[in-house]
Amino acid sequence: MTDTIFFDVGNTLRIVIRDPEFSAAAERELMELVGATESHDEFYAKLEQRWQKYRKEVKKTLLDAGEMELWSQHLLPDYDPERVCAHAGRLTRLWRDHDGRRVPRDDVKSTIIELDRRGYTLGIIANTITETEIPDWMISDGVAHYFKAVILSSKVRLRKPDPEIYFLACRAIGKKPEQCAYVGDNPIRDVEGTRKAGFAKMIRIDEPDTIRNEPQEIILQPDHTITRISELLDIFPPLDKKEA
C-alpha cells in the first residue's frame with residue numbers, strides 16, 4: 001500500500017515568477033560580494049557558460065557539488081577562493097534569484113496539510129544547488145514539520161535520476177520503495193529515477209517551464225499527470241492508519 005509521498009520542489013511545489021527589478025538587485029549584490037571587476041554583461045556571460053558546463057557534467061556523473069565547491073572550483077575559480085567560499089551560500093541564493101522569485105503554488109500548503117491529515121508520510125527529494133533555500137521556504141511557509149525527510153542533492157551529492165538518492169530517502173524516512181510515490185515535474189529524470197528505485201507510483205505535474213527550459217524526448221510515462229498539486233487528493237484517499 002502506498003502510504004508515503006515524496007515531492008520534488010522546483011517547478012513542482014514552487015514556480016519561478018519573472019521579476020526584472022528583483023533579479024537585477026540579486027545580480028548587483030552577487031557582483032559586489034565577489035568583487036567583480038568585469039562589466040555586468042561580461043561577468044554573467046562567463047558565469048552562464050560555466051554554469052552550463054557544470055550542469056552538463058553533473059548530468060553525466062549524477063553527483064552534485066556542495067556550495068563552496070560549486071563556486072570556488074566550477075563557477076568562479078578565477079576569484080579569491082577565501083572570499084568566494086565565505087559567501088558561497090549567499091552567492092547560490094543570488095544566482096537562483098537572478099532567474100526571478102520562487103514562490104509556492106497557491107494550492108501547495110492546503111494539499112500538504114490535507115495529505116498529512118489523511119495519514120500519509122511526506123518527504124522531499126530534490127536536485128538543487130542550494131543547501132538552505134528549501135528549508136527556509138518550508139519554515140517561512142509553516143510546512144516544515146509535515147516533511148519527515150528532506151533529501152537535497154547539494155547536501156548528499158547524489159542526484160536524480162540515480163536511484164540511490166531515492167533509496168537514501170526511503171532509509172531516512174523508514175519506508176520501503178514499494179510503499180512510496182513521487183511527485184515531480186521532469187518527464188525524464190523524475191520518471192526514470194522513480195522507476196529505477198521501484199517506487200509504487202510516479203505523478204508528474206505538467207509544468208510548461210520544464211519542457212521549455214529542457215526540451216527532451218519523453219520515453220517513460222508517469223502513472224498520473226496533473227496540472228495542479230491539489231489533484232493529488234483525487235489520487236491519494238484517506239488511509240486506514242491501522243494498515244499504514
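Quick look at the numbers
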| item | result |
| --- | --- |
| Positions within region 45-68 being over 16 Å from the mean Cα position of the chain (by Cα), within 27 Å of F22 (Cβ to Cβ) and not polar (S, T, N, Q), in sequence order | A45, K46, L47, E48, R50, W51, K53, Y54, M68 |
| Number of positions in region 139-189 that are of a type in the set (V, I, T), within 13 Å of D8 (Cβ to Cβ) and out of contact with any Ser or Thr (no Cβ under 8 Å at 6 or more places or on another chain) | 3 |
| Yes/no for G100 being on the phi > 0 side of the Ramachandran plot and touching a Phe, Trp or Tyr at 6+ places or on another chain (Cβ under 9 Å) | yes |
| Condition check for M31: outside the structural domain of V191 (by TED's automatic domain parsing) and either more than 23 Å from the chain's Cα centre (by Cα) or among the aromatic types (F, W, Y) (or both) | yes |
| Number of positions in region 131-163 that are over 13 Å from the mean Cα position of the chain (by Cα) and polar (S, T, N, Q) | 1 |
| Whichever residue in region 87-138 is part of a strand (DSSP E or B) and in contact with a Leu (Cβ under 7 Å, 6 or more places away or on another chain) and, among such residues, is surrounded by the most Cβ atoms within 10 Å (Cβ to Cβ) | A126 |
| Number of the exception - K175 against (1) surrounded by 17 or more Cβ atoms within 10 Å (Cβ to Cβ); (2) part of a helix (DSSP H, G or I); (3) modelled with pLDDT of 95 or more | (2) |
| Subset of region 59-86 that is of a type in the set (A, V, I, L, M, F, W, C) and out of contact with any Lys or Arg (no Cβ under 7 Å at 6 or more places or on another chain) - its residue that is surrounded by the most Cβ atoms within 10 Å (Cβ to Cβ) | W71 |
| Number of the exception - V108 against (1) assigned by TED's automatic domain parsing to the domain that holds D141; (2) touching a residue at least 40 places away in the same chain (Cβ under 8 Å); (3) farther than 23 Å from N186 by Cα | (3) |
| Residue list for region 143-186, restricted to those being touching a Phe, Trp or Tyr at 6+ places or on another chain (Cβ under 7 Å) and small (G, A, S) | A169, A181 |
| Residue that is surrounded by the fewest Cβ atoms within 10 Å (Cβ to Cβ), among those in region 198-236 that are at pLDDT 75 or above, under 26 Å from I17 (Cα atoms) and of a type in the set (K, R) | R228 |
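The values are calculated or read from the model by the stated rules, or taken from the named source; none is laboratory data. The structure displayed is predicted, hence computed values, not measured ones. No Cβ is skipped: glycine too gets one built from the backbone with ideal geometry, and neighbour counts run over all protein chains shown.
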